[in-house]
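Have a look at the structure below before the remarks.
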Amino acid sequence: MKYKRRTRLEIVKELLSACQEGRSKTGIMRETNLNFRLTRNWVKRLVDSGALREVEGKYYITENGIRIIELINKYSKLLREYRELENELYKSVDLQGGKIGENGESN
């Protein structure tokens, strides 16, 4: 089975989503399938940025964290639409077969 590496934004979204109901670092680690070192580092960054807050050893998403998830979702949608448009353009112009040089001429 081939694994696809997650982007930083995918990891951030997973971490923030895991904290909707409040989670310990161990719970976050299990939910996101990250090792403890990465979980600790990401949680610290998200707390420092105001996306998560800690209350009695549990981490909760903040309004800022919810906004970040919304922005990531919007970005992901735009990226998908961009790739679909790019593929459509490549097919329309038949750029699949030959490379186009910087001066616009085919090689």
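Quick note: the coordinates plus some simple rules give every number you see, no bench work behind them. As the structure is a computational prediction, the values presented were derived from the model and not from experiment. Cβ placement follows ideal geometry from the backbone for every residue including glycine, while neighbour counts extend to all protein chains displayed.
Quick notes on this structure:
- Test result for Leu46, touching a strand residue (DSSP E or B) at 6+ places or on another chain (Cβ under 9 Å) and aliphatic (A, V, I, L, M): yes
- Residue tally, condition assigned to a helix (DSSP H, G or I), charged (D, E, K, R) and closer than 19 Å to Ile68 by Cα, over the stretch 12-30: 2
- Listed by first and then second residue, the pairs with beta-carbon distance under 9 Å, at least 6 apart or on different chains, first residue in the stretch 16-45 and at positive phi, second surrounded by 13 or more Cβ atoms within 10 Å (Cβ to Cβ) and part of a strand (DSSP E or B), are Gly22/Lys58; Gly22/Tyr59; Gly22/Tyr60; Gly22/Ile61.
- Leu9 satisfies every condition listed in (1) closer than 21 Å to Leu79 by Cβ; (2) aliphatic (A, V, I, L, M); (3) free of Cβ contacts under 8 Å to residues at least 12 places away in the same chain except (3).
- Of residues in the stretch 71-95 being more than 21 Å from Ala51 (Cα to Cα), among the aliphatic types (A, V, I, L, M) and surrounded by 10 or more Cβ atoms within 10 Å (Cβ to Cβ), the one farthest from the chain's Cα centre (by Cα): Leu95
- Residue match in the stretch 71-94 (condition: outside any helix (DSSP H, G or I) and out of contact with any Lys or Arg (no Cβ under 8 Å at 6 or more places or on another chain)): yes
- Here the stretch 1-48 is the region considered, the condition is being polar (S, T, N, Q) and within 13 Å of the chain's Cα centre (by Cα), and the residue that is surrounded by the most Cβ atoms within 10 Å (Cβ to Cβ) is Thr32.
- Taking the criterion of being surrounded by fewer than 14 Cβ atoms within 10 Å (Cβ to Cβ) and assigned to a loop (DSSP other than H, G, I, E, B), the residues of the stretch 49-70 that qualify are Ser49, Gly50, Glu56, Gly57.
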